[in-house]
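Below is one structure, written out as C-alpha cells; comments come after it.
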C-alpha cells in the first residue's frame, strides 16, 4: 500500500524594519533583556498601537512578488490568550482579512519545476521570550522581541515530500531576502517554519488528520522533522491506529517530534477586530509606487537567463539564489559579450561562490568587483591564461594583489601560445619518450595524457593546453 | 474665587488679583474640607500641584500665560500622569505610579494648567453611579445619600461642590453626561477621535472619548480648546484643523432646528425629569429655536448592543492587568495560571469581573456572530438613525438620564436597572457623535436634572453655542448645592 504525503507550511518572516510593528522601539537583535521594550511593548495602562508603515510596505512587496492579491482594505484583529511574554494579553494579528491573499511560489526539485499556491500572508507582532533556565523556580521575561513585525506566509497543502517542502522554504527564504523584506537570519529566528504534515492512501482525495510541527528554524530540521513525522504517522496508520490532530515539537538532538498539545486543549482565541487600529487601507497610489520599486524577480531572471543567454535551468536557478549573486553575474556580463555568459555563470556559481564561502563574506565585501572579474574572464577567453591558472589569479585579486593583468604579469603566468615554441618543446618531449609514443600508436590512449603532462611540465604549465593537444595529435599521426 | 468662571479666573490671574499658588491653595483647602464627606478625589498631592502653580505664576509674570495658565484642573483617575498614582478606581492598579503622561495631561501641562488631583470614578469607568470604585463611593454634593452619577462621578461632584473649577472625564456610554446631569454641572463628550486616547486607560476603545466637565458651556469650550488635537500615537485620533470652540458661543439661536426624539420621552422617563426637559425645550423655542419632532427608531436596541460591544472590548483591554509586570499581584499562588486567577479575582471588583465574563462570552467561538457581529450591525443602524435625523434638525435634545440621582446602594444589586441609566446617552457613543449635558432644573428631592444635546459630527462649537445661549437665559447651572458651603 503506498502513501501520499501532504505538507503545508506556515512561515514567519521577521520584517526588516528598524522599529517594531506597533511601537517605535528598535528591533535590533541581541540587546540586553528588556532594553528595547517601550511603554507600548510592556503594555502599560493607556498605551496604544500605531501600525508601522514600513512593515505594511514590506507585506505589499511580498504580495507583489508572489502575484497575490493585495487587499486594499485589511483588518488587524486581536488574538486573545494569557502568557507572561504576551504583555497585552493578546497578539495583534490579521484574521479574516489579511493584507495578502493567494499568490504562488515556483520551486525546482529533481523532478522539475512545480508551483505551490499560497493561501495568504498576514502581518502580526511577535511575542516576547520566556527564559526558564537561568532562574531558580521562576521564569525571566525578555520583551525585546515583543512587537517585532512578522509576515506569516501560509501555503496550501500542496507539497508531497520533505524535499519539496525544503525547496519551497529555500525558495521563499531567497525571495524574502531578494525583495529586501527580511534578513533571513535563521539562527536569530528571523525566518522560521511550522509544518503541517499528514498522510493519506494514494488516490484518496480527503486529507488525512494533520500534525503541526512548530518552530523549525533550519532547512535540515525541517527536512528531518517531516521525514520523522511521516514515518511516525504511516506506522500508526499501518498498525490500524488513528492520527490525533495536535501540535508537535521537533527535538533535534533525538531527531524526533513530540506532542506539545492536542486539539482538545486548543484555546479559543476570541478573535475580533482591534478597535485601537483602523482598517489598513492601501491606496492605489501606494500600490503603484510599490510596484515601481520592485526589483526584477528571481523567476523572471531565471527565465530570461535561459531564453536570452542560453543558460541551463540548473545554472539559472543557482545564479538567482540571491539578488547579490544575480547582480554580480549581470554586472560582470556588462563588460563582456553575451557569448561569455556560460563561462561567467560557471565561475560565479563555482569558484566565486566557493571563495565567498571559504572567506565567510558576501558579495558586497568581495574585493573583486564585477569589472575586475570581467577582465579575468576576458583573459581566460582570449587564451592568455588557462582556467586552472585563473583560479590562482582570482585568489590573488581577492587578496588585493592587483588586477588580473597585474597578477598575470607579476607571476609570469602568461600562457605559451607561440605554436613554434610549443612545437619545439613537443618535438623534444617526443624524442625523449619513444616508449610512450609507441604505446600510443599501439592504441593506448593513456600514453597520450602522459605526453601532454610532459609538455605541460616542460612549460611550467604555461602552454595553452588546447594547442598542446592539437600539436601532439598532429605530430603523432604522422 | 471658588465660584468664578474660568474666564474670571484667567482675568484675576492676569491682573494679579491673585496668584495661581493662591488659587490652587484655595481649591486644595476646599478639597481638604469636603473630600472626607464626598470622596470625590482619590489622590491629592499639594506639593506637586503647588510646584506647577509656581511655574504658572512665573509664566504669567513673564506675560507668557495662555487662557488656562495657572488654573487648577482635576483629572479623572483614568488618565495616567507622570509620577502620579493612577488607579482607574481599581485595586489592581492601587500601586501604579505612571512613568508617562497621557496626551491630555501633556496638553494641559503645555497650557500651563495645574493638576489639582485625580478624581474618583467607577472602577475602570464601568458604572453609572461611581459606587464601584475600590476607593469607596462618591457622594452627590446635592444629597450625600445619593450617587453623583458615573463613571466620572468624582469629577462631576468636584465641580458641583466647587472643589475644582474644571475637570476632565471620559464617556463610553454616558460617563461624562450622566454624572453632569445628576450632579448639576455641564459636561461634554466630543466627537469620537477628537481627543486622543493615548494615556487614557481603555475601557471600550471604540466608544471611549475624553471630555471636559465644568460649571458652564463657556468653560467647557475653553477646556476643549486645550484638550482637542491630533495625536499620532492614537490611530483613531482625527487630524483636522484646530478650531476655537468658543467662536460660536454668542450666536443667537434664531432658526435653530431642535430635534425632539419621541423615543426619549416614553416609558421609563420620570415625570419630574420630563417636566424640566419640556420647560427647557420651551425656553429654547423662546430663544428662536424651532421644535422638530424626530424619530430614532433603533434607540431601544442601543443598550443591548452597547452591553455586547463594550464588555467585549473591555474583556480584551483588561487582559494586560495580570500581575506580571505592574500593579497588584496576589500573594499566594501555586503556578502561573493560579497567579492570573487569584490576581484578577482579588484585583478586580464585582462589576468589572461581570463585564469581563460577558465580554469573554460574546467573543467566544460560536457566539461571535450572534452577539458581537450583530451588535456591530445595530451600531450602524443607530448611526444611520442620527444621519437621517440631522437632515431635519441641527441638534437633538432630550433628557440626559431618565431619573434624578438615586440613593447610594439602590441599584447595585440590579445591574440591568443600573444599565438603563444610560439609555439616552449610549446612542451618541455608538454613533460617535458629540453630546453635552447642561443643568435644566430640579426634580424630586431638589436634585438636578440634565438636558441632553446631541450634535452632528464635529459640531461641538454649535452644541456649546446652544448650551451657552440657554445658560444666558437660565441660572440652573449657577446654582450651588446647599449644605456644603
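Read-outs throughout are calculated quantities, based only on the coordinates presented, and are distinct from any laboratory measurement. The structure displayed is predicted, hence computed values, not measured ones. Here the Cβ is made from the backbone with ideal geometry for all residues, glycine too, and neighbour counts use every protein chain on show.
If you take each beta carbon of peptide B:400-407 and count the beta carbons of other chains within 10 angstrom, what is the mean? Provide the component values of the computation, followed by the final result.
On the way: counts 0, 0, 0, 0, 0, 0, 0, 0.
Mean inter-chain Cβ contacts per residue within 10 Å come to 0.
How are the C-alpha pair distances of the stretch A:3-287 spread across 10 Å bins, as whole percents from the shortest bin up?
6, 27, 34, 24, 8, 1
Order these peptides, A:113-120, A:10-17, by their mean beta-carbon neighbour count within 10 angstrom, highest first. The partial results should precede the final answer.
Numbers: A:113-120: 17.5, A:10-17: 21.9.
Highest mean packing first, the order is A:10-17, A:113-120.
Based on the Cα gyration tensor of chain B, what are the three equivalent ellipsoid semi-axes, each the root of five times an eigenvalue, rounded to whole Å and given largest first? Could you put the intermediate results ahead of the total?
Values: eigenvalues 185, 172, 85 Å².
Ellipsoid half-lengths, sorted descending, are 30, 29, 21 Å.
Which residues does a label at residue B:64 reach in the stretch B:95-119, if reach means a backbone N under 14 Å from a point 7 Å past the Cα toward the Cβ?
The answer is B:110-113, whose backbone nitrogens lie closer than 14 Å to the label point.
Stokes-Einstein at 4 °C, 1.567 mPa s, Kirkwood radius from Cα pairs: D for the stretch B:329-485 in µm² s⁻¹? Could the numbers behind the result be given before it?
Values: Rh = 19.3 Å.
After rounding, the answer is 67 µm²/s.
With equal scatterers on the alpha carbons only and no solvent term, can you work out the Debye log10 of I(q)/I(0) for the stretch A:57-103 at 0.17, 0.26, 0.27, 0.30 1/Å?
Scattering profile of the stretch A:57-103, log10 relative to I(0): -0.57, -0.85, -0.88, -0.99.
Quick one: if the Förster radius is 60 Å, what FRET efficiency do residue A:435 and residue A:307 give, using the C-beta to C-beta distance and rounding to 0.05?
For R0 = 60 Å, the calculated efficiency reads 0.70.
If only Cα atoms are counted, what is the Rg of the stretch A:113-199, and what is its Dmax, in Å?
16.1, 53
Taking 7 Å along the Cα-to-C-beta vector as the label spot, tell me the residue B:51-residue A:381 distance in nanometres, rounded to one decimal.
Label at residue B:51, label at residue A:381, 7.6 nm between them.
Report, to two decimal places, the Cα Rg of the stretch A:419-477 normalised by 2.2 N^0.38 Å (N = number of residues).
Details: Rg = 10.3 Å, N = 59, 2.2 N^0.38 = 10.4 Å.
Computed over Cα atoms of the stretch A:419-477, the ratio equals 0.99.
Averaged over B:360-373, how many beta carbons belonging to a partner chain fall within 10 Å of each residue's beta carbon? Present the calculation step by step, with values, prior to reporting the outcome.
Working: counts 3, 1, 2, 7, 3, 6, 1, 2, 4, 0, 0, 0, 3, 1.
Shielding by partners across B:360-373 averages 2.
Just to be sure I understand: if I project the alpha-carbon convex hull of the stretch A:249-299 onto a plane and average over all orientations, what area do I get in nm²?
Here the figure is 8.9 nm², rounded to one decimal.
Over all Cα pairs of the stretch B:93-220, how is the pair count split among 5 Å bins, expressed in % and running from 0 up to the last occupied bin?
Once binned at 5 Å, the Cα pair distances of the stretch B:93-220 give 2, 13, 21, 25, 22, 13, 4, 0.
Take the alpha carbon atoms of the stretch A:296-411, find their radius of gyration, then divide it by 2.2 N^0.38 Å using N residues; give the quotient.
Values: Rg = 13.7 Å, N = 116, 2.2 N^0.38 = 13.4 Å.
In units of the 2.2 N^0.38 Å rule of thumb, it is 1.02.
Which of the peptides B:53-62, B:133-142, B:166-175, B:360-369 is most tightly packed, and how do the rest follow, judged by the mean count of other Cβ atoms within 10 Å per residue? The partial results should precede the final answer.
Details: B:53-62: 17.8, B:133-142: 25.0, B:166-175: 30.5, B:360-369: 15.4.
The most tightly packed comes first, giving B:166-175, B:133-142, B:53-62, B:360-369.
I'd like the orientation of helix A:465-477 relative to chain A: the angle between its Cα long axis and the longest Cα principal axis, in ° from 0 to 90, rounded to 10.
40 degrees
Treat the stretch A:321-478 as a sphere of radius equal to its Kirkwood radius over Cα pairs and apply Stokes-Einstein at 25 °C in a medium of 0.890 mPa s; give the translational diffusion coefficient in µm²/s, rounded to a whole number.
Taking Rh from Cα pairs, D becomes 142 µm²/s.
When the Kirkwood hydrodynamic radius is evaluated over all pairs of different C-alpha atoms of the stretch B:184-292, what value in angstrom, to one decimal, is obtained?
Numbers: mean 1/r = 0.0606 Å⁻¹.
Kirkwood hydrodynamic radius for the stretch B:184-292: 16.5 Å.
Report the far tail of the P(r) of the stretch A:207-342, meaning the percent of Cα-Cα pairs longer than 17 Å.
On the way: 6923 of 9180 pairs.
Here the tail beyond 17 Å accounts for 75 percent of pairs.
Quick one: grab Rg to one decimal and Dmax as a whole number for chain A, Cα atoms only, in Å.
29.4, 97
Shielding of B:225-233 by partners, i.e. mean partner chain Cβ atoms within 10 Å per residue?
Working: counts 0, 0, 0, 0, 0, 0, 2, 1, 8.
Shielding by partners across B:225-233 averages 1.
Determine by what factor the alpha-carbon radius of gyration of the protein assembly as shown differs from 2.2 N^0.38 Å, reporting the quotient. Walk me through the numbers before you get to the answer.
Numbers: Rg = 38.2 Å, N = 963, 2.2 N^0.38 = 29.9 Å.
Dividing the Cα Rg of the protein assembly as shown by 2.2 N^0.38 Å gives 1.28.
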